[in-house]
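First comes the structure, then the notes that go with it.
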Amino acid sequence: LFAKRQQAIHHVRRAAAAMSPVRSLLLACLVGLAAGKKSEDPRDCEVCRAVIGQIDELVTPAERKTVEGIEAVMQKYCDSAKGKEKTMCYYMGIGDKELGTAGGVKREVSGSLSRGINAKRLCTRMKKQDAQMCELRYEKKVDVKNTDLSKLRVKELRKICDDEGIPTKGFNEKGEFIKAIKDKFGIKDEM
């Protein structure tokens, strides 16, 4: 890879000597873009980083000395976890009596935390072993006050109502969901 990059730079320099300054600048920009690094998705491994980061904050210096101490904190966190966090615990191999585990990497996580490796680095490392850990993502929240509710699907409107505790029993029309959401957030109808 290094040799190819050096070779490309050499060819660009030779070609640039024969071209006008504008063309050589354009060519250099294109080569730079082609050789550039892919931008990282900020949502990549977001649940993994959040869960391991929260567990890391809960671990005391005394517990950090042994992997068993860290695993006890992990178990305590995962026993009270809900939603995506609970699923992440399942992937890591920290289950409960009802859910069980998916095998997981519990010992590797606890060992890495005992050595002081941060959540982002640890999740990137585990992604190579088990890609599903980084595919787990939080659902995007809808900004109700700045969104045109009439353009959302009924399924999305129902989710907003469920998240906000708005009763929807007996609702059949999209307009009923929109009215209930607007009433809850105090949004006035525009005329």
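The values are calculated or read from the model by the stated rules, or taken from the named source; none is laboratory data. All values reported here derive from a predicted model rather than from experimental measurement. Please note: Cβ atoms are built from the backbone with ideal geometry, for glycine as well, and neighbour counts cover all protein chains shown. Side chains are part of the model used for accessible areas, which takes the heavy atoms of the whole protein and leaves out ligands, DNA and RNA. Shrake-Rupley method; radii C 1.70, N 1.55, O 1.52, S 1.80 Å.
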**Request:** May I ask you to list the residues in segment 137-186 that are open to solvent by 50 Å² or more (accessible area, probe 1.4 Å) and aliphatic (A, V, I, L, M)?
**Result:** VAL142, VAL154
**Asked** Any idea which of CYS134, CYS89 is within 20 Å of GLU68 (Cβ to Cβ), in contact (Cβ under 8 Å) with a residue 24 or more places away in the chain, surrounded by 13 or more Cβ atoms within 10 Å (Cβ to Cβ) and not charged (D, E, K, R)?
**Response** CYS89
**Message:** within 12 Å of the chain's Cα centre (by Cα) and either among the β-branched types (Val, Ile, Thr) or farther than 20 Å from LYS128 by Cα (or both): which single residue out of VAL73, VAL51, VAL67, VAL59 fits that description?
**Reply:** VAL51
**Selection from segment 66-93 of residues that are assigned to a loop (DSSP other than H, G, I, E, B) and under 11 Å from LEU113 (Cα atoms)** = THR66
**Prompt:** helices (runs of 4 or more DSSP H) wholly in segment 97-181 with at least 3 residues that are in contact with a Pro (Cβ under 9 Å, 6 or more places away or on another chain) and modelled with pLDDT under 85 - which ones?
**Reply:** none
